[in-house]
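Here is the structure we will look at, set down as structure tokens.
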Amino acid sequence: MTLNGHSLIAGETAAGTNGTTYGINPATNEQLEPAYTLISEEQLKTATDAAADAFDSFSTLEPEEHARFLEAIADNIDAIGDELVERASIETGLGIERLLGERARTTGQLRLFADVVRQGDFRGVRIDPALPERKPLPRADIRQRQIPLGPVAVFGASNFPLAFSVAGGDTASAFAAGCPVIVKAHNAHPGTAELVGQAIVQAVRDLGLHPGVFSLIYGSGASIGQALVADAAIKAVGFTGSRAGGTALMRTAAARPEPIPVYAEMSSINPVYVFPGALNEDIETLAHQYVASVTGSSGQLCTSPGLVFVPDGEAGNRFTGAVTEAVTQLSGQTMLSGGIASAWEHGYNTLESVPEVELIGRGKSGPTANAPAPAVFGADLNVFTSNPVLHEEIFGAASLVVRYKGVEDLIEATSKLDGQLTASLHVTEEDYPVASALIPALERRVGRIIVNGWPTGVEVGHAVVHGGPYPATSDSKTTSVGTLAIYRFLRPVAYQNFPEQLRPAPLQDANPWHINRLIDGRPEQPR
């Protein structure tokens, strides 16, 4: 496919008038062609107006056509072939195998949401039929359904150029809800964004949808990104990135005449709790698994474990020693950009400068540019609980080992943590009575609790939660992964005493879309 270096606004290639940017190969710091033109606020308005115009027709698609649109996007992405993962690898430094898996995840979640659209449970239909004879007062006929919010702004993530970017989870769930989407491409992987954007535009055309259903724009986050969130046509925002970036968008959204929700996934250190029984097993394997989880994808995963609690004593010492041996044998991997590598170095230097913190082990710098050596630090529990600097995320291959004496220590330390995406418990059956005392404290702090596993790797399904209390996300009631993500872009509407001829299809007595509904609070099987 040809890379044009321009935004895709309502199905048309749009050359920006506000400067240019280039992708950079982080392994070499070489500039990549083509140049990408950045749009002006006037051009942005064309995209948001088109999205508003597209909303009525797109939000009322019949389920089969709606589902086929999501499947067409997935098919078009697959059809790009090797070109997509090769461009993504050059722009991000991520390996081909990792990106092949990410592409499969991207297309898989689109097809999963197509199934959700066909099934229709997300429409949340509830019908309380009229009871005209009820005493002392009759009951009106009241019917409820979930409707889409309106056009959604999605910001591409740096660390997942496919699964959390142009056609990633935010876009897929917003499309499934019936919302047009405007994606602000991440400037670190502009070519990857354009290839996927072209696949979506083609699906819009092939199904004869309004072209305003999708736009892909390039521009500065500080100007075009903020202007996008401030635009009156936008009714919700999906964001994955830094805490600073997410909170800046939240402030803009809250300051609008009509405030809108920002669903931002931001910052998490994902604590791991190792209980004594787990150290009676294979300590070396446990330590190597921990280091592998810390360093995978150069630690640039939102669920990378930046903190592990290990018991005091001889077994804990052996675990720490095994961690030292494992990490010193590793070399750094290319990070996503020079800026991210510099931020990692700043975080490393900050942690190293704390007098009570010890460098347990550090590997070697990688052979490419922007590939700092992975590192693991150590500290006592009282040092950790009293120093907020040790609670901050270092985005990349770095982690902190904290030693503890008993579960009371863990409960106290957990109470001082910020909100997290995950927490992981490594236990054997003998640890269950003690570990159970920690679980209520974890439930108040995290969105997903894992037993005898590692947080990296997030399943895309119906039960998963990829969210958590602030600052892990901006709204702890939601998830950005899995089918539950669709509810971020819906709201309930009740229809009272509507005649059958005026009822939307999901609420009609005949149930023409054949979806599951609640009648008087009881499930009705589709006809």
> Translational D (Stokes-Einstein, µm²/s) of region 350-445 at 20 °C and 1.002 mPa s when Rh comes from the Kirkwood sum over C-alpha pairs?
Replying inline: 141
>> Once each part is reduced to its C-alpha centroid, what is the distance from region 34-105 to region 290-346 in angstrom?
In response: 33
>> Could you give the length gained by full extension between residue 251 and residue 525, i.e. 0.36 nm per residue of separation minus their alpha carbon distance, to one decimal place?
In response: 94.2 nm
> Rounded to the nearest 0.05, what FRET efficiency do residue 96 and residue 415 have when you use their Cβ-Cβ distance and R0 = 45 Å?
Replying inline: 0.55
> Which semi-axes, in whole Å and largest first, does the equivalent ellipsoid of the chain have when worked out from the alpha carbon gyration tensor as the square roots of 5 times its eigenvalues?
Replying inline: 42, 31, 19
> To the nearest 20 debye, what charge dipole does region 265-352 have about its Cα centre, counting +1 at the Cβ of each Lys and Arg and -1 at the Cβ of each Asp and Glu?
Replying inline: 180
> Under a Cβ-Cβ cut-off of 13 Å, what is the net charge of the residues other than residue 117 that fall near it, where Lys and Arg count +1 and Asp and Glu count -1?
Replying inline: -2
>> Could you sort the peptides 322-329, 137-144 by per-residue average Cβ neighbour count (10 Å cutoff), highest mean leading?
In response: 322-329, 137-144
> Put a dot 7 Å past each Cα toward the Cβ at residue 491 and residue 12; how far apart are the dots in nm?
Replying inline: 3.1
> Rounded to the nearest 0.05, what FRET efficiency is calculated for residue 358 and residue 29 with R0 set to 30 Å and r the Cβ-Cβ distance?
Replying inline: 0.35
> Taking only protein heavy atoms and a 1.4 Å probe, what accessible area per residue, in Å², does the chain have with all protein chains in place?
Replying inline: 39
> Which order do 443, 97, 265 take when ranked by solvent-accessible area (1.4 Å probe, heavy atoms of all protein chains), largest first?
Replying inline: 97, 443, 265
> Among the aspartates and glutamates, which have Cα under 18 Å from the Cα of residue 184 when same-chain residues fewer than 8 positions away are ignored?
Replying inline: 12, 41, 42, 49, 91, 170, 194, 231, 265
> Which whole-percent values make up P(r) of region 104-262 when all C-alpha to C-alpha distances are grouped in 10 Å steps starting at zero?
Replying inline: 10, 34, 30, 14, 7, 4, 1
> What does the helix-only formula give at 222 nm for the chain: each DSSP H stretch with n ≥ 4 adding -39500 (n - 2.57), the total divided by the residues, and the result rounded to the nearest 500 deg cm²/dmol?
Replying inline: -11000 deg cm²/dmol
> residue 78 to residue 408: FRET efficiency via 1/(1 + (r/R0)^6), r the Cβ-Cβ distance, R0 35 Å, to the nearest 0.05?
Replying inline: 0.10
> Using alpha-carbon positions, what is the distance between the centroids of region 422-495 and region 504-527, in Å?
Replying inline: 31
> Roughly how compact is region 297-389, stated as its Cα Rg over 2.2 N^0.38 Å to two decimals?
Replying inline: 1.13
> How many angstrom lie between the C-alpha centres of region 203-241 and region 145-187?
Replying inline: 8
>> Can you give me the % of accessible surface on the chain that is carbon or sulfur? Probe 1.4 Å, all protein chains present, nothing else counted.
In response: 52
>> Need the list of lysines near residue 405 for cross-linking: C-alpha distance under 29 angstrom, and skip anything on the same chain fewer than eight residues off.
In response: 416
> Shape call for region 195-344 from the C-alpha gyration tensor, a ≥ b ≥ c root eigenvalues: rounded (a/c under 1.5), prolate (a/b greater than b/c) or oblate?
Replying inline: prolate
> Say each of residue 65 and residue 222 gets a label point 7 Å from the Cα, pointing the same way as Cα to Cβ; how far apart are those two points in nm?
Replying inline: 4.5
> residue 434 versus residue 314, label points 7 Å from Cα toward the beta carbon: distance in nm?
Replying inline: 1.7
>> Using only the heavy atoms of the protein chains and a 1.4 Å probe, how would 192, 28 rank by accessible area, largest first?
In response: 28, 192
> To the nearest 20 debye, what is the magnitude of the charge dipole of the chain about its Cα centre, counting +1 on the Cβ of each Lys and Arg and -1 on the Cβ of each Asp and Glu?
Replying inline: 1420
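The values are calculated or read from the model by the stated rules, or taken from the named source; none is laboratory data. Keep in mind the model is a prediction, meaning the values are calculated, not measured. For neighbour counting, all protein chains shown are included, and Cβ atoms are generated from backbone atoms with ideal geometry for every residue, glycine included. These accessible areas exclude ligands, DNA and RNA; they are computed on the full protein's heavy atoms, side chains included. Shrake-Rupley method; radii C 1.70, N 1.55, O 1.52, S 1.80 Å.
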